[in-house]
Amino acid sequence: MSRRSPSRPAEPTSARRPAWARFLVVAMALVSLFFAWLCHVGPSWHPLLVLLVYVPLPLLTVPAVMAVLASLWLSWWWRGVALTSLALVLTVVMGLVWGTPDEGVGRVRLMTYNVKAYLAMQRAGGPQALAAEFAAHDADVIVLQDSAELEPMQDDERAPLWNLMFGKREIFYRGQYMIASRYPLRDCRVGLLQGQVVDKAHSYLHCQVQVGQRAFDLVTVHLVTPRQGLVAVRREGLDGLDQWRQNLSYRTEQAVALVNQLRGRARPLVLAGDLNAPERTEVLRILMGQLGLRDAFSSAGFGYGYTHGHSLRLGLSFLRIDHILVSDDIGVAAVEVGGAEGSEHRPVIADLLLQRTY
């Protein structure tokens with residue numbers, strides 16, 4: 001009697017492979033490749049492509065996972081394509097960062113935070129939530145945007161809460177901005193971002209921070225929000241694209257104006273604030289490229305570092321638009337993103353090294 005060799009499961013033939021599964025895997029592969037290209041090349045090509053950078057890209061994980069599940073009905077090659085698409089979404093498309101901390105001395109902890117004080121003051125427990133965020137990170141230097149409504153706290157019954165937030169830090173504030181520092185502040189001034197839109201919302205603060213024998217320039221800025229342009233496109237479709245183009249040109253114009261005013265500085269520079277632009281956009285490329293800056297989170301952080309979006313309908317952060325940018329002579333030992341309870345923006349906290357070791 002002849003022995004039968006053990007049978008092995010046959011690979012699915014083309015007739016057995018569901019067409020819907022092949023379609024889903026191919027479609028997801030094309031989408032992931034398009035957004036991967038967009039993240040590194042596309043945004044500067046056309047305003048409509050920049051618009052796509054502001055969509056909730058983490059939602060792409062849903063069809064990517066569905067494509068992986070669909071590939072189980074297909075051969076190993078299809079499964080590899082589906083897994084590669086998912087990997088692209090989780091890394092390149094969603095902006096996964098795996099930085100390398102610098103070494104050096106002269107550690108200073110800096111926090112930038114758009115506190116949206118006009119909303120926090122109206123919300124039950126809002127000031128307390130902000131105070132808890134400040135206490136959790138205990139930064140040496142704090143820069144705030146949308147903070148004007150905090151100022152009256154220091155002179156009324158909420159003064160103890162003000163002291164809890166800022167302690168004995170030296171404070172300089174104008175308009176929506178505030179800088180609070182445990183180190184002496186020197187030569188503080190307000191600068192205007194000249195262009196088509198000039199008002200208090202489009203100014204910036206510039207101080208020199210003296211840490212022992214070392215000093216650095218500290219700038220905090222809040223560039224024009226993309227909200228109006230995004231809303232116009234959502235409500236009017238292509239008819240709203242002109243307003244989006246104008247909105248984008250304002251933000252780019254402000255970046256160029258800031259570069260022109262800060263170029264030629266003698267000291268190391270830290271530029272921190274709500275820039276209303278992801279790192280992959282032209283606005284950040286202008287600031288970093290022409291001022292010789294790098295993003296602290298990209299340099300030493302790990303993860304996605306999203307700071308905005310949790311107050312929207314989606315309920316989770318999906319945009320990294322709040323940044324700490326530093327010149328190359330300043331090291332970044334560690335960086336993290338704070339909590340979502342106090343504001344529509346999460347703070348960014350970085351441990352900087354004033355003397356970087358190369």
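Going through the stretch 304-324 one residue at a time, which ones are over 11 Å from the mean Cα position of the chain (by Cα) and surrounded by 16 or more Cβ atoms within 10 Å (Cβ to Cβ)? H310 - this is the single residue of the stretch 304-324 that is over 11 Å from the mean Cα position of the chain (by Cα) and surrounded by 16 or more Cβ atoms within 10 Å (Cβ to Cβ). When the criteria are applied in full, P101 fails the requirement of being free of Cβ contacts under 8 Å to residues at least 40 places away in the same chain and either farther than 24 Å from N276 by Cα or open to solvent by less than 30 Å² (accessible area, probe 1.4 Å) (or both). Every test in (1) buried (at least 16 other Cβ atoms within 10 Å of the Cβ); (2) over 14 Å from A340 (Cα atoms) is passed by Q122 save one, and that test is (1). Is it the case that some residue within the stretch 253-261 is within 24 Å of V50 (Cβ to Cβ), open to solvent by 30 Å² or more (accessible area, probe 1.4 Å), more than 19 Å from the chain's Cα centre (by Cα) and acidic (D, E)? Yes, the stretch 253-261 contains at least one residue that is within 24 Å of V50 (Cβ to Cβ), open to solvent by 30 Å² or more (accessible area, probe 1.4 Å), more than 19 Å from the chain's Cα centre (by Cα) and acidic (D, E). Only a single criterion out of (1) modelled with pLDDT under 95; (2) among the small types (G, A, S); (3) in contact with a Ser or Thr (Cβ under 9 Å, 6 or more places away or on another chain) is not satisfied by S249, namely (3).
Residues that are open to solvent by less than 40 Å² (accessible area, probe 1.4 Å), outside any strand (DSSP E or B) and within 30 Å of R123 (Cβ to Cβ) within the stretch 327-358 comprise G338, G339, A340, G342, S343, P347, listed in sequence order.
Of everything in the stretch 168-188 that's free of Cβ contacts under 8 Å to residues at least 60 places away in the same chain and outside any strand (DSSP E or B), which residue is surrounded by the most Cβ atoms within 10 Å (Cβ to Cβ)? The qualifying residue surrounded by the most Cβ atoms within 10 Å (Cβ to Cβ) is Q176.
The values are calculated or read from the model by the stated rules, or taken from the named source; none is laboratory data. Not measured: the values here are computed from a predicted model. No Cβ is skipped: glycine too gets one built from the backbone with ideal geometry, and neighbour counts run over all protein chains shown. Note: areas computed on protein heavy atoms with side chains; ligands, DNA, RNA excluded. Shrake-Rupley method; radii C 1.70, N 1.55, O 1.52, S 1.80 Å.
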